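One structure is given below, encoded as structure tokens.
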Amino acid sequence: MSNLNITSDNQPAKVNALSLLIAFVGYSVLMGGVLGLMVFIQRSVGRFDFTNLLNTDTTGILILLAVAASPVALFLIFQSVIRFIAPLVPSVTLRAAALLAAAFFTYFIGAFLLPVAAQTNLALIIGGGLVITAVFDFFTEKEQTSFVWTILALMLFSALSTAVFWSDSSELDRRIRFECATALAESRDTAYAEQQLIKLLGDVEKDAQLPFLMRPWPIKPSSDTVKNHINKLTFNEKYLFRHYQLTVHAFDRDEDAPLFIDQKVSRSEIGKIWETAKPVNGHTALRFGYAPDGANRYILRSKVDRMKDSGHPVELYMFFDQRYPQITQVYSQIFDNQAFKNLNSLQKYDYAVINGDRLVAEQGNIPQQSILTKLASGQTNEATTPDRSDAVSVSPGGNVRAVVGRKATAILQPVYLFCILFGIASAVPLLLGLLSRFIPFRISLLPSVKGSLSRKIHFSYLSLLAAGFIVIGAITFSHFSRSSEDAALRETDKQAGAALTYIRLSAGGISPQSDSVGPVLGPQLAQFAQSLNIDADLFDAQGKLCYSTREDLRRINMLPGVMNAEGKNLVDKGEAQADVTAMLQNFSYKTRYQAVKNLHQQTVAYIGLPYTENKHIISREISDFIGMLAAIYVFLLLVAAGVTYLVSNSITDPIKSVAQKIHAVQLQDKNE
């Protein structure tokens with residue numbers, strides 16, 4: 001089929017060693033190009049989620065376009081190199097030997113230079129590159145490139161890219177699940193919390209204000225005042241502030257009774273807890289244990305002199321109980337800059353943590369079958385079902401068990417990925433082919449509209465098909481994106497209405513001057529908001545912030561202390577709700593304000609629900625639909641390529657036959 005096989009093996013030509021070396025180097029370059037593209041894919045795979053491929057940032061979209069369009073560049077390079085090699089080494093057998101040698105050479109270079117993590121699919125990559133190069137060597141035409149061959153070549157490149165994408169993504173997903181499960185099962189937080197606690201202990205001992213918060217004897221200080229002050233010290237270390245809940249206990253010298261007004265636990269009880277906990281790395285003032293609910297707990301012990309009087313020392317215990325905070329739209333994005341144990345991908349998965357027979361934390365639905373997987377202490381393993389993949393890990397002590405997983409990726413996802421990659425790749429030569437008609441010279445490395453009537457018919461039909469699907473895809477994407485945004489706003493409307501209804505019943509007997517707005521309505525609003533994973537603030541009748549779902553932030557004055565003036569004015573003028581844009585810590589968001597009225601229709605409080613519009617988020621349904629559209633496009637493209645080839649030939653073959661017969665008729669004599 002190829003015009004490059006100038007000499008068959010039955011008619012050998014003389015080939016010198018230099019020609020074979022050039023062929024070896026050329027094939028090595030081609031194999032290296034394939035390896036380079038696949039390594040680029042491996043390093044980029046962490047940006048994508050196969051369950052929602054298009055939900056990525058601008059950089060991710062550009063990477064996807066680059067991966068999809070790269071086969072066109074490789075197609076040009078492959079054709080150029082093979083057209084150069086074939087005349088030098090006409091023998092198919094010798095070229096095959098040079099290609100095999102180049103494949104082994106590239107494999108060993110990859111094994112030597114690439115890190116171990118990048119060698120997972122090295123054999124697949126080299127094998128795929130070998131097949132693609134062999135196919136190119138057989139099919140590449142010397143004079144011009146047919147569209148059918150171009151489509152076949154791009155399909156091969158896209159198939160290999162998809163295989164590497166799928167394999168690396170599956171391996172990365174498995175590795176992340178194992179890492180998360182192992183980290184959650186490990187009770188101690190050595191890399192992050194323990195380092196910050198040691199630093200905090202020094203800050204507490206050197207703090208100049210804390211001794212005066214203990215108040216002079218015999219006045220009893222408030223635990224809230226001391227706790228809020230220590231929280232301010234930990235706020236700079238946002239990891240400790242976010243993932244550990246602080247409680248404080250203090251005792252005067254030789255006193256068993258609590259020092260703080262609102263403290264009920266005696267020194268003897270705290271002493272038992274301290275003795276039960278285990279020392280951390282030889283630090284006499286830091287110990288590790290468990291809270292009554294099974295949560296991990298660190299305990300710091302420090303001495304503080306009341307009013308800096310060494311004659312009145314106070315023994316201060318600080319309990320830090322680990323919590324798994326909810327991820328919300330606004331406050332979590334602003335203040336939570338580091339995931340627990342740096343597990344940034346944990347929120348993508350369902351997970352559960354069990355200490356003994358107590359469920360410490362749970363997100364999503366973990367099947368009981370996975371939780372009950374039999375494992376030895378310190379072991380991590382996979383628990384799979386037809387529709388799920390879970391990693392299960394047991395702590396070295398055997399008392400803590402963690403499960404991290406999610407629903408298995410549907411088999412259609414790699415099909416969608418292949419269709420998207422191939423769809424983009426096939427559109428590039430179509431576009432270049434159309435543009436080539438305006439170029440005064442012919443490019444033989446890509447199919448061109450120039451030439452025969454058959455080629456023009458072929459290109460016209462396929463170009464119309466590609467253009468039609470691009471337009472349909474753009475319209476569909478725009479429609480679904482707007483629908484998704486509208487659905488998000490409707491969800492905000494629903495949440496705001498439900499929140500107002502939820503606390504309105506308790507507001508009936510409250511007067512605008514009452515001090516019970518925060519204590520009565522606040523916990524109810526927080527309970528409702530936390531059940532929906534949303535932020536919520538409660539303001540009194542004067543617009544002062546009196547409660548929040550993030551009380552830890554409110555108590556240390558990190559949230560705006562008063563209601564937005566514009567929002568308050570709009571609601572006071574009779575608006576049912578007011579959406580106002582706000583800025584906090586350089587983060588822009590919106591807050592929906594509503595008035596809470598009593599039975600006399602007096603405004604006793606205001607609700608504020610911070611939210612973001614999430615215009616950049618693409619739902620899984622949109623990604624799946626675009627993938628399905630790409631699959632239909634690829635199917636119709638292949639069908640159209642075959643049909644238009646037959647139709648164009650049926651039109652042009654009779655014309656060629658007539659032209660040949662006219663050419664065969666030659667008048668021997670001139671008219672006289």
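The values are calculated or read from the model by the stated rules, or taken from the named source; none is laboratory data. This one's a predicted model, so the numbers in the text were calculated from it and none came from an experiment. Here the Cβ positions follow ideal geometry from the backbone for every residue, glycine too, while neighbour counts run over all protein chains shown. Areas reflect the complete protein model, heavy atoms only, side chains present, ligands, DNA and RNA absent. Shrake-Rupley method; radii C 1.70, N 1.55, O 1.52, S 1.80 Å.
Brief remarks follow.
- Residue in the stretch 537-556 that is least open to solvent (accessible area, probe 1.4 Å), counting only those that are over 17 Å from residue 242 (Cα atoms) and small (Gly, Ala, Ser): 543
- Filtered residue count, the stretch 55-71, keeping only those that are at pLDDT 75 or above and surrounded by 18 or more Cβ atoms within 10 Å (Cβ to Cβ): 6
- Residue within the stretch 382-395 that is in contact with a helix residue (DSSP H, G or I) (Cβ under 6 Å, 6 or more places away or on another chain), open to solvent by 70 Å² or more (accessible area, probe 1.4 Å) and β-branched (Val, Ile, Thr) present: no
- Applying a threshold of 8 Å to beta carbon distances and a minimum spacing of six or more residues, or different chains, the list of pairs starting in the stretch 352-363 at a residue that is on the phi > 0 side of the Ramachandran plot and ending at one that is surrounded by fewer than 20 Cβ atoms within 10 Å (Cβ to Cβ) and part of a loop (DSSP other than H, G, I, E, B) reads 356/294; 356/399.
- Any hit, the stretch 157-178, residues being open to solvent by less than 60 Å² (accessible area, probe 1.4 Å) and under 28 Å from residue 89 (Cα atoms): yes
- Qualifying residue in the stretch 144-156 (condition: open to solvent by 10 Å² or more (accessible area, probe 1.4 Å), under 15 Å from residue 125 (Cα atoms), in contact with a helix residue (DSSP H, G or I) (Cβ under 9 Å, 6 or more places away or on another chain) and at pLDDT 85 or above): yes
- Among the residues of the stretch 228-255, those that are under 18 Å from residue 304 (Cβ atoms) and part of a loop (DSSP other than H, G, I, E, B) comprise 253, 254, 255.
- Among residues of the stretch 319-342 that are touching a residue at least 40 places away in the same chain (Cβ under 8 Å) and farther than 19 Å from residue 289 by Cβ, those with a beta-carbon under 9 Å from a residue that is surrounded by fewer than 20 Cβ atoms within 10 Å (Cβ to Cβ) and among the β-branched types (Val, Ile, Thr) at least six positions away or on a different chain give the pairs 329/612; 330/612; 333/327; 333/612; 336/327.
- Selected residue [closer than 30 Å to residue 585 by Cα and not in a helix (DSSP H, G or I)] from 344, 365: 344
- On the stretch given as the stretch 527-536, residues that are under 25 Å from residue 569 (Cα atoms) and open to solvent by 10 Å² or more (accessible area, probe 1.4 Å) total 1.
- When the stretch 201-217 is filtered for residues that are open to solvent by 30 Å² or more (accessible area, probe 1.4 Å) and assigned to a helix (DSSP H, G or I), the ones remaining, listed by number, are 203, 205, 206, 212, 213.
- The residues of the stretch 256-280 that are without any contact (Cβ under 8 Å) to a residue 24 or more places away in the chain and either in a loop (DSSP other than H, G, I, E, B) or among the β-branched types (Val, Ile, Thr) (or both), listed by number, are 256, 257, 258, 264, 265, 266, 276, 277.
- Out of 659, 630, sole residue that is part of a helix (DSSP H, G or I), open to solvent by less than 80 Å² (accessible area, probe 1.4 Å), more than 30 Å from residue 518 (Cβ to Cβ) and modelled with pLDDT under 70: 659
- Residue ID - farthest from residue 322 (Cα to Cα), chosen from residues in the stretch 188-200 that are crowded, with 18+ Cβ neighbours inside 10 Å and of a type outside the set (Asp, Glu): 200
- Flag for residue 582 being open to solvent by less than 60 Å² (accessible area, probe 1.4 Å), modelled with pLDDT of 85 or more and within 15 Å of residue 333 (Cα to Cα): yes
- Where a residue in the stretch 549-567 is part of a loop (DSSP other than H, G, I, E, B) and its partner, wherever it lies, is open to solvent by 40 Å² or more (accessible area, probe 1.4 Å), with Cβ under 8 Å and at least six apart: 549/530; 556/232; 561/544; 563/544
- Subset of the stretch 511-533 [outside any helix (DSSP H, G or I) and in contact (Cβ under 8 Å) with a residue 60 or more places away in the chain]: 511, 512, 514, 533
- Taking the criterion of being part of a strand (DSSP E or B) and open to solvent by 10 Å² or more (accessible area, probe 1.4 Å), the only residue of the stretch 318-341 that qualifies is 321.
- Unique match (being small (Gly, Ala, Ser) and surrounded by 18 or more Cβ atoms within 10 Å (Cβ to Cβ)) among 183, 134: 183
- Only a single criterion out of (1) among the basic types (Lys, Arg); (2) touching a Leu at 6+ places or on another chain (Cβ under 8 Å); (3) part of a helix (DSSP H, G or I) is not satisfied by residue 220, namely (3).
- Test for residue 225: is it within 30 Å of residue 337 (Cα to Cα), touching a helix residue (DSSP H, G or I) at 6+ places or on another chain (Cβ under 9 Å), in a helix (DSSP H, G or I) and open to solvent by 60 Å² or more (accessible area, probe 1.4 Å): yes
- Qualifying residue in the stretch 44-54 (condition: charged (D, E, K, R), modelled with pLDDT of 85 or more and over 21 Å from residue 426 (Cα atoms)): no
So that you can scan it fast, the table gives a plain yes or no per residue for (1) at pLDDT below 85; (2) of a type in the set (Asp, Glu); (3) in a loop (DSSP other than H, G, I, E, B); (4) at positive phi:
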site: 392; (1), (2), (3), (4): no, no, no, no
site: 409; (1), (2), (3), (4): yes, no, yes, no
site: 428; (1), (2), (3), (4): yes, no, no, no
site: 432; (1), (2), (3), (4): yes, no, no, no
site: 435; (1), (2), (3), (4): yes, no, no, no
site: 447; (1), (2), (3), (4): yes, no, yes, no
site: 451; (1), (2), (3), (4): yes, no, yes, yes
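- Evaluated against (1) modelled with pLDDT of 90 or more; (2) open to solvent by 10 Å² or more (accessible area, probe 1.4 Å), residue 574 falls short on exactly one condition, (1).
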